[in-house]
Each structure stands twice: as C-alpha cells, then as structure tokens.
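We did not get these values from a lab; they are worked out from the coordinates using the rules stated. Because the structure is predicted, anything quoted here is derived from the model rather than measured. Here Cβ is always computed from backbone atoms with ideal geometry, including for glycine, and neighbour counts include all displayed protein chains.
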Amino acid sequence: MAIGLKKRRRVQLIIIACIFLLSASILIGFAFKDGIEFFRSPTQVLSEKINESEVFRIGGLVKEGTLIRNGDNVSFIVTDLVNDVPVIFNGILPDLFSEGTGMIATGTLNEGKFQAVEILAKHDENYMPKEVADALKEQGIFQD
Amino acid sequence: MLAEIGHFAVIVAFMVAIIQSVVPMIGAAKGYSGWMDAAAPAAIVQFLAILLAFTMLMIAFVTSDFSVKLVASNSHSLKPMLYKVSGVWGNHEGSMLLWILILAFYGALVSLFGRRLPLVLKARVLSVQAMIGVAFLAFLLFTSNPFERLPFPPIDGNDLNPLLQDPGLAFHPPFLYLGYVGLSMTFSFAVAALIQGSVDAAWARWVRPWALLAWITLTIGIALGSWWAYYELGWGGWWFWDPVENASFMPWLIAVALLHSAIVVEKRETLKSWTVLLAILGFSFSLIGTFIVRSGVITSVHAFANDPERGVFILVILIIAIGGALTLYAMRANSFRSNVVFSPVSRESGLILNNLLLVVSTIVVFVGTIWPLLAELVMGRKLSVGAPFFELAFTPFMIILALALPVGAILPWKRAQLSRSGKPLFGALILSISLGLLVWSLQTGGRMMAPIGLGLAGWVILGTLTDLIVRTRMLQLGFGAGLIRLCKLPRADWGKAFAHIGLGLTIFGIAAITAWESEDIRIAKLGERFEVSGYIFQFDDIKKINGKNYTADVGNISAFFDGKLVATLKPEKRFYPVQRMPTTEAGINSTLARDLYIALGDAHGDGWTIRTYVKPFAVWIWIGCMVMAMGGVLSMTDRRLRIASTSRLKNLS
C-alpha cells in the first residue's frame, strides 16, 4: 500500500515538474522575442535590412572629431573604420565615454540614424568590449 | 623576500592539499584509521600555509612594494589604506588567492569543530574539499601567480581601478566568496555521502549550517554589490541582469532551495537524493559563475580581463568537478531510499513546490545567461539577452513562489487540510488583496506592477505574521500568554519568520521603485530651480575639491518639499589622475519613504547636466536583504543544529 502511494506521489511530482519546465520553455520562447538584442557592427547595419522597431546593439569606435553635445542631446558617429553610422543619444554619457574609444549602444535604427536609449559603460580604461574587438578584427584593423 | 615566502607557502599548501585529498580517501576505503586521522591536521596546515601566503601579499600591498607585479599594476602609494587592503582582492590573482584562502578556512573549520563527526565521513569530506583545493591551487600556481616579481620596479603603481575604490565594493568580494566557497562545503558533504551511500537526519543537520552560512554571506555580498551599482554607476539602477550578476544569483537561488530541502531531510528523512543533487548543483553554479567572471567568454561590464588560457583551465576544473559528482550521483542516488509518505497537501509538498519553482527559475536565468555564448558558438551570431527577457520569463515563477509561500509555511507536516490549516490566512489574504486594490485605485498610471507587487509583499509579510500568531496560539490563550510563547519559539522559527518577512520587504521595494520612480535629465545653470515629482531642487553651487588621490567637482543641490528644505545633495564627479579616469558619485538622500538621487554629468558652458531621480521606498530593497540575512543568522544559532549534531551522529558511521 505504502509503496503504491509512493509511486503515485512520484508520478504526480514528475507531472508537476514537467508542467513547470514546459511553461518555463514557453515563457523563455516568448521572452526571447523581446529580450534578445542582436549585436551589429556599422558594416552589418548598412548591409542588413533592419526593421525600424527592432532594438539592437551597435558597437564600434567613436569617430574622432564627431562628438557633438548640444544640451543633453548628444550625437556622434560610430565606426568600424570601414563604415560609419550616426548615433543620437539623449542622456548622460558614461564616465569613460570619449572619442577614439570603443563603445556599445542599445537602441533602434531610424532613417539611417541610430537612436540610442542606453550607452554601455565600461568599467576600465583598457577594456575593449569583446564584440567591438571582434568586429574590428573582422575588418582587419584591430589585433590583440 | 616576502613575496618569495608567499609563493613558497602556496607551493607547500599545494603539496599538503594533494596529500590531504589522497591519504584520507584511501584510509576511509580501507578502514585505516591512522590514514583518516591525517585529514584534520592536514586541513589546518593547508589553511595556515595559505594564510601565510595571503598575509605576505597583504604586506606587499600595504607597504606598496612595487617590485611585485600585482602591486605595481593594482596599487598606488597615495591610495587610502582601506583600498590598499581591498586592492589585494581587487584583481584576478589576488581574488583567486582569497577564494582559496576561504576554501581552506572552511576545511580547517570542519577539522576544528567537527570532532563529533564520524571519522569516515570527516575524512571523506576533507578529502573532497582538498581535491577542490588542489585544482584551484594549481590554477593559481600555473596561470595566475600573484607573487610574480618585476625586474625593474616602477617608482609608483598603476592604481586600483577607481570604480573599485569604494567601501561597498571593498567588502563585496569577501562576502561573495564566503558564499560561493561555502557551497563547496555542502558539495563535499554531498560527495562524501554518495561515496558512503547513506544520508540521514544527522547528515542534513551537518549540511544545513553550511548551506545557511553560504546563503547568508551570498545574500550580503549580492546586496552590497547591488547597492554599490546603485550609487556608483550613476544610472540609478540596482540590478542589471548582467551575466556576472546572474553568476552570483544562480548559486543563491539554489542555496535557497537547498536550505529548504535540507529541512525535509532533517525532519522527515525524505527527499534525500534530491537534497544531495541540490548540494552538487549549488557548487556547480558557483564554478560556472567563476568561469563566466574570469574567462571573459560572455561580455559583461564587470568581467576581469579576458584570458582564454585561464578560461580553459577553469572549464576543465568545472567539467571534472560537475561531471564527476553527477556521475557518482547517477551511480549511487538510488541507494537513498525512504519509505516516508506524505499527502499532496502538507509541509513536505509545500517545500517541494518551493524547490521546483526555485530550480526552474534558476534554469531560466541560466538559459538567459549562457544564450549569448551558445548563439555565438552555434549560429555565429552575436547577441545579448537583456532585462526584458528576465522580467518576462523569471518574474512569473517568483510570483507563484510568493503566492504559495505563506500557505506552504503554515501547513503541518505529513498530512493537512487546506481548508483547516489555511483558514487563519484568510485575514492576511483579504488584507493584501485590499492593499493591492487600494494601490490600483490610487495610482493614475495603468501599470499593474505596483498593485501586484504590493499585494504580494503584503501577503508574504502578513502571512508570515499570521503563522507566528497561530504557532503561539495567541488568539486562544490571550495576548500575554501568546507573547511568552512567542519568546520561547526556537531560533529556527524566528529565522524562518525573518527570512520570509525580508523577502516580502524586498518585493515591496522592487515593486515600488519599478512602478513609481520618476526621472529627470536636464542642463541646469547655477541657481536654477526645477521640480521632480513634487520636490523642488535648487542648484546652489559647484566646487572643486582635492581628495587624497583624486580631484572632484562637487555640486550642492538643495531639495525642498512643501517649501521646506528636506535635504542637501552633494553629487560628485571625480577624476583619478593616475588612471586618468573619471567616476560618478551620486548624491543620495535616503529616508524610509523615498530616495532623492542626483548624478552629475558634464559641464556645458555655464550649465551642468544633472540627472535626478525620486525613488519611492528604494531603501527597502536592501533592508529586506539584511532582514533575510538576519533570519539566516538566527536560524544558524538555533541550539538544535548544534546539540543534535553531537548526540545523533554516533550511529552514522
């Protein structure tokens, strides 16, 4: 009797666990729609067709001499030294943001301009975001 | 000379750890008590050797000995003393040494306080602990030697990354490591139990304090890290779902599950193999976290510098440890049988539900964390998984967990009737639903976050209080008698109440800050006044000051409410000349009801960019964490955990 009950508990448990796992998978699937942000280099941005509503990340170097601050509106050009994409941003730039250094921004592409909602801060001066380093390597410019 | 002594001490510790991992294990298998006896002194010697090495490194940092490469690249003679000390673990090599020091410290604790542990179990636990030690000591010696010398010492050092020069972050790594490594102890106990093929209530009573200790320190460490991010990064966020944050959050979730399932093993002698599995998983996630942080395979704002060689080394340790333990588990888990049955409505079932939800939500976090890595390997596509993913996929499980918590906690063991045991909760249910409805009707915006979050927080807190009232039978016996019974409750019950209330408070803080915060970014000129959600801010002046190793612009901003001065905020923009790096120190004024938060941006002509937040009830997020940790401490000091471990253990070996 006790053994039969034990077996039944085990089956109930497995069913509940499966329900949770299934709902987790479904949730993960749905959440990926909103939660995944692709990374693109300026070259990829220009060569791919990108939906205006898609939120993605762009990374590269901040082109020398292009950073313009107008009030809290900031604009600059991000480059992988082959192609350039203009970026507009409304907010406070991270402490370590400067011309000629690597950066990553999250936002959307609007009529050829990248409208950033967030610019990623780096924690350390020498650190080059991995995606940026790889993107530059692809263009044969940056070597480590 | 001192650095060489340190290096030599690490090599000695490495040798001792090899002996400690082999000799007691063979002794336990063959029944040679002399061989098993070697474990305890070896663990102490190993700890002392690593302590010596750590002290040598500490001295090198404190005396600014720039002939040591690590000191030269991470310290500076002008740095405040606190950061000279914390600089020891503010880098990869030094923090690895701290990691190993804590690992050996726990081993030494077992040999000092584990006198009553059965000899065989103790020998095996210490042997497994030493195996982990061998792996990480080898990692330190062969890839990350902290004692490397420079042939030509520089005149001064390169300074510690200014972002890390902060009291919150000075203590964040030690707490986090105490937690990460604390899970190695439960891992060692689990592996030892698998080798000997038996788990009983006494085993659970030995494992629970370690799981508690790991969980308490992880809670404090994570809270410190999140508090630091809140005021130092200047975006006002407190959790970013960054891979490195997730790396500490996953072991925390598993530790919570382990704490709860160990109760079931202790009280009801069931869920044994599941608990052993959780103990293995907990440390596995610690190792995965170490791998994520130190290999640089996943882009994170926190990661240590990328080094593929180190990454591969940790990956090998990870595969051997997790693979080995899980293989052993697969072979032996069937031997932990129990014939205890319980009804679907019972405390046991509640705790199982808790465990399932925590493990599933850990899986969700895990998928989100490693997805970028998988996507790059499999699809060759670079991507990142942002906060919206976690908010959508993780939150629902936490909501169910919070809903089920008070019910599961009030049910009796073995068999219960929901209608009878759950009846006292009716009041809490009505109250928290009305709280949610009240918030919903008061707020103007359409976001459901606040009503749901506040309702949940109320439900968890009121439900926990109801549990206390029921346990003391305050309603039947009268308030006075109930109060006396309340004082006599075992510490473990108080621990449970504190931990659950702390969770409720954190949920409250999160819901409030998410739903009601207001933000303002502007360029303000001196003397300018502006309004953010009822508060008037006045930009009084800005001054240059000289700190010990930095210069700063310090703003002076007065905040008025109802025409009265309520706070003066002093946000800083610091510049550290050695690393030529600016940092932001937000000006924050906290009360229990709200935080006023101002970060200073750049100067524009005669104005400054100023980012202002009003964050209602923000401080409750961290108060909640501290109350949770307090609950853990109360539970750990429960007499049962100590007395029982002495009396009931005899029959284990």
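Couple of notes before you dig in:
- Sorted largest first, the spans of the alpha carbon positions of the stretch B:58-205 along the three principal axes are 59, 32, 22 Å.
- Taking the Cα centre of the protein assembly as shown as origin and assigning +1 to Lys and Arg Cβ atoms and -1 to Asp and Glu Cβ atoms, the resulting dipole is close to 4760 debye.
- Gyration tensor verdict on the stretch B:121-227 (Cα atoms; rounded if a/c is under 1.5, prolate if a/b is larger than b/c, oblate otherwise): oblate
- Residues whose amide H lies under 5 Å from that of A:Phe114, counting only those 5 or more places away or on a different chain, are A:Val87, A:Ile88; hydrogens are built 1.01 Å from N in the peptide plane.
- The count of lysine pairs in the stretch B:518-616 whose Cα atoms are under 13 Å apart, excluding pairs fewer than 8 places apart on the same chain, comes to 4.
- Judged by the gyration tensor of its Cα atoms, with axes a ≥ b ≥ c, the stretch B:518-616 is prolate; a/c meets the 1.5 cut and a/b is the larger of a/b and b/c.
- Backbone phi angles across the stretch A:80-89, fed through the Karplus curve with coefficients 6.51, -1.76 and 1.60 (θ = phi - 60°), yield HN-Hα couplings of 9, 6, 10, 10, 10, 9, x, 10, 10, 9 Hz in residue order; Gly and Pro are listed as x.
- Straight-distance crosslink candidates among aspartates and glutamates, where the alpha carbon sits under 20 Å from B:Lys69 and sequence neighbours closer than 8 are dropped: A:Asp124, A:Glu125, B:Glu4, B:Glu93, B:Glu148, B:Asp156, B:Asp159, B:Asp307, B:Glu309
- Couplings for the stretch B:90-99, taken from phi via the Karplus curve 6.51 cos²θ - 1.76 cosθ + 1.60 with θ = phi - 60°, read x, 8, 4, 5, x, 5, 5, 5, 4, 3 Hz in order; Gly and Pro are left as x.
- Hydrodynamic analysis of chain B uses the Kirkwood radius over alpha carbon pairs. Inserted into Stokes-Einstein at 37 °C and 0.692 mPa s, it gives a translational diffusion coefficient of 123 µm²/s.
- Net charge contributed by nearby residues that have their C-beta within less than 11 Å of A:Val87 (K/R +1, D/E -1): +1
- Extreme residue, positive dipole direction of the protein assembly as shown, given options B:Leu435, A:Phe39, B:Met96 (C-beta unit charges): B:Leu435
- A simple spin-label model places the labels of B:Val633 and A:Ser47 5.9 nm from each other, with each point 7 Å out along Cα-to-Cβ.
- Size of the stretch B:424-516 as Cα extents on the principal axes (Å, biggest first): 46, 23, 15
- Separation between Cα centres of the stretch B:137-212 and the stretch B:512-560, rounded to whole Å: 40 Å
- When only Cα pairs below 8 angstrom with a gap of at least 6 residues are kept, the stretch B:1-75 shows a relative contact order of 37 percent.
- Cut-off under 5 Å, modelled amide H: who pairs with A:Arg40 long-range: A:Arg57, A:Ile58, A:Gly59
- Phi angles across the stretch B:538-545 convert, under the Karplus curve 6.51 cos²θ - 1.76 cosθ + 1.60 with θ = phi - 60°, into 3J(HN,Hα) values of 10, 7, 6, 7, 9, 10, 8, 10 Hz, Gly and Pro given as x.
- Rh by Kirkwood over Cα pairs, then Stokes-Einstein D for the protein assembly as shown at 1.306 mPa s and 10 °C, µm²/s: 56 µm²/s
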